[in-house]
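Structure record follows, encoded as structure tokens.
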Number of protein chains: 2
Amino acid sequence: MPKQVDHVSRRRLIAEAVCHLADEHGLEGVTLRDVAARAQVSMGAVQRCFRTKEEMLVFTLGHIGERIGERVRARLVRSPAQSAGTALGHAATEISLLREEHRAEARVWLAFVAQAAVNETLATTLRASYAPLQETFTRLIAEAADAEAGSGSDAGADGDGDAGADRAALVDPRREARTLLALVDGLTTHVLIGHLTPPEAQDVLHAHLARLWA
Amino acid sequence: MPKQVDHVSRRRLIAEAVCHLADEHGLEGVTLRDVAARAQVSMGAVQRCFRTKEEMLVFTLGHIGERIGERVRARLVRSPAQSAGTALGHAATEISLLREEHRAEARVWLAFVAQAAVNETLATTLRASYAPLQETFTRLIAEAADAEAGSGSDAGADGDGDAGADRAALVDPRREARTLLALVDGLTTHVLIGHLTPPEAQDVLHAHLARLWA
DNA sequence: GCCGTTCCGATGCGAGCGCATCGGAACGTA
DNA sequence: TACGTTCCGATGCGCTCGCATCGGAACGGC
């Protein structure tokens with residue numbers, strides 16, 4: 001066998017270049033030539049890895065989705081000892097992409113989301129990333145509600161003596177997960193366009209989470 | 001004076017054409033030629049109205065923002081007799097753009113939001129639309145909280161006897177407005193990419209509003 | 001009726017795009 | 001070492017883009 005290259009890692013390398021360019025100039029600023037230049041490979045190499053530009057974009061989107069999902073998972077195993085409620089807060093903070101180092105990722109994500117609204121292939125890829133994310137959040141919320149129902153309230157300020165079980169029955173974990181996911185995406189968007197500052201968004205998110213249990 | 005045309009109405013006509021095209025193929029599918037064809041004018045006419053493409057896009061964005069803001073305002077004056085709480089619900093439903101006839105508007109909006117993340121001019125225009133919207137929601141929430149504090153709870157199911165005043169003090173209207181705005185935008189986005197169905201989003205929104213007062 | 005002004009449709013230009021093509025470099029195998 | 005296979009960098013093609021240009025149509029004032 002003659003020269004052989006690692007296609008997988010090269011595809012990832014190219015996907016990273018796509019991300020950098022999309023972060024700077026939006027998806028419209030992503031051209032095969034610029035991608036090749038940014039990835040330090042030739043255009044021919046890019047064309048070998050991806051038959052068309054769309055194939056490249058779809059792969060990149062999947063790549064980002066995987067990375068974000070992985071980050072949430074990593075964050076969850078990093079803090080397993082604490083309550084499900086705090087774990088939920090950590091996970092939500094993780095996907096809100098508010099920290100400066102993830103701002104670029106958020107911009108790229110937003111660019112793809114907009115494109116997915118008019119491109120079914122991208123939309124499918126995007127949904128494939130959202131589904132497990134929502135699943136994870138649903139589970140976390142259910143666990144947190146169970147924990148709250150089982151023990152007394154740990155951080156509540158008011159003297160409400162009602163059993164948590166009642167509240168757990170009132171909270172629909174799936175609906176709450178959807179709410180949280182949509183809220184986080186909306187906050188991220190508003191930060192990106194400068195309508196909210198990161199601390200303001202953080203404050204909103206924190207308040208929402210706090211109300212979930214209070 | 002020789003031939004004179006109504007520039008204002010022509011600009012609006014062109015803006016509508018931009019919206020139609022952006023709805024179908026995203027902002028990338030908006031070219032001067034296609035816009036001219038869709039608006040049934042020549043390319044020269046488009047170039048006369050807008051010196052550059054960007055100027056056209058900025059105007060279009062402002063146009064949409066104005067239209068949405070106007071719709072909210074119209075909805076509010078149409079149902080003034082009811083409580084501030086229901087008015088809030090109506091306004092939120094209005095900007096969530098979930099109804100089929102507004103889905104196109106939502107897609108265009110999303111396309112512009114994504115572009116605004118990498119284009120300061122668009123971002124400024126966008127913020128100019130969000131600011132009064134948030135202002136309106138802040139006011140509505142404050143009024144609703146006041147009304148709740150003044151009278152007894154009207155729809156609460158639990159037998160909680162706490163005075164509403166305490167709760168009103170706990171609710172920060174501005175923060176709630178930010179939350180609601182972000183949630184609505186997130187829900188709209190998730191509907192557009194097919195992650196949620198309109199009824200699901202409607203359900204989430206309704207539950208969130210209900211919890212605001214309960 | 002001629003003129004001055006405003007408008008616009010058609011056309012051209014340079015640039016940049018995605019994609020196809022191909023000659024040769026690189027490298028394991030015999 | 002000679003060969004066969006895999007890879008890739010360079011180049012070209014056809015196309016579309018935003019924008020500039022310009023000749024003439026439309027129309028009120030003199």
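Only one entry in B:M56, B:M43 is within 30 Å of B:E135 (Cβ to Cβ) and within 8 Å of DNA strand D (Cβ to nearest atom), namely B:M56.
Within segment B:25-45, the only residue that satisfies the criterion of being in contact (Cβ under 8 Å) with a residue 24 or more places away in the chain, assigned to a helix (DSSP H, G or I) and within 14 Å of chain A (Cβ to nearest Cβ) is B:L27.
Per-residue answers, yes or no, for (1) among the acidic types (D, E); (2) within 11 Å of DNA strand C (Cβ to nearest atom); (3) on the phi > 0 side of the Ramachandran plot:
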site	(1), (2), (3)
B:R10	no, yes, no
B:V18	no, no, no
B:L21	no, no, no
B:G26	no, no, yes
B:V30	no, no, no
B:D34	yes, no, no
B:S42	no, yes, no
B:Q47	no, yes, no
B:M56	no, no, no
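Listed by first and then second residue, the pairs with beta-carbon distance under 6 Å, at least 6 apart or on different chains, first residue in segment A:47-63 and within 17 Å of A:T31 (Cβ to Cβ), second of a type in the set (A, V, I, L, M) and near DNA strand C (Cβ under 8 Å from one of its atoms), are A:F50/A:M56.
Report whether or not A:E55 is surrounded by fewer than 18 Cβ atoms within 10 Å (Cβ to Cβ) and within 18 Å of the chain's Cα centre (by Cα). For A:E55, the condition - surrounded by fewer than 18 Cβ atoms within 10 Å (Cβ to Cβ) and within 18 Å of the chain's Cα centre (by Cα) - is not met.
If you go through segment B:185-199 and keep only what is on the phi < 0 side of the Ramachandran plot and either more than 7 Å from chain A (Cβ to nearest Cβ) or assigned to a loop (DSSP other than H, G, I, E, B) (or both), you end up with B:T188, B:V191, B:I193, B:H195, B:L196, B:T197, B:P198, B:P199. Counting only helices (runs of 4 or more DSSP H) that sit completely within segment B:46-138, those holding 3 or more residues that are more than 14 Å from chain A (Cβ to nearest Cβ) and in contact with a Lys or Arg (Cβ under 7 Å, 6 or more places away or on another chain) correspond to B:84-96.
Which residues, counting only those in segment B:25-40, are more than 13 Å from DNA strand D (Cβ to nearest atom), closer than 22 Å to B:A111 by Cβ and surrounded by fewer than 16 Cβ atoms within 10 Å (Cβ to Cβ)?
Hits for segment B:25-40: nothing passes.
Residues in segment B:184-214 that are closer than 22 Å to A:P132 by Cβ and surrounded by fewer than 19 Cβ atoms within 10 Å (Cβ to Cβ): B:G194, B:T197, B:E200, B:D203. Among residues of segment A:4-24 being within 13 Å of DNA strand D (Cβ to nearest atom) and touching a residue at least 24 places away in the same chain (Cβ under 8 Å), the one that is nearest to A:F112 (Cα to Cα) is A:I14. Of all the listed residues (A:G89, A:G69), the sole one being touching a Ser or Thr at 6+ places or on another chain (Cβ under 7 Å) and either touching a residue at least 60 places away in the same chain (Cβ under 8 Å) or in the same structural domain as A:A22 (by TED's automatic domain parsing) (or both) is A:G69.
The values are calculated or read from the model by the stated rules, or taken from the named source; none is laboratory data. Remember, predicted model here, so these are calculated numbers, not experimental data. Note that each Cβ is placed from the backbone with ideal geometry, even for glycine, and that neighbours are counted across all protein chains shown.
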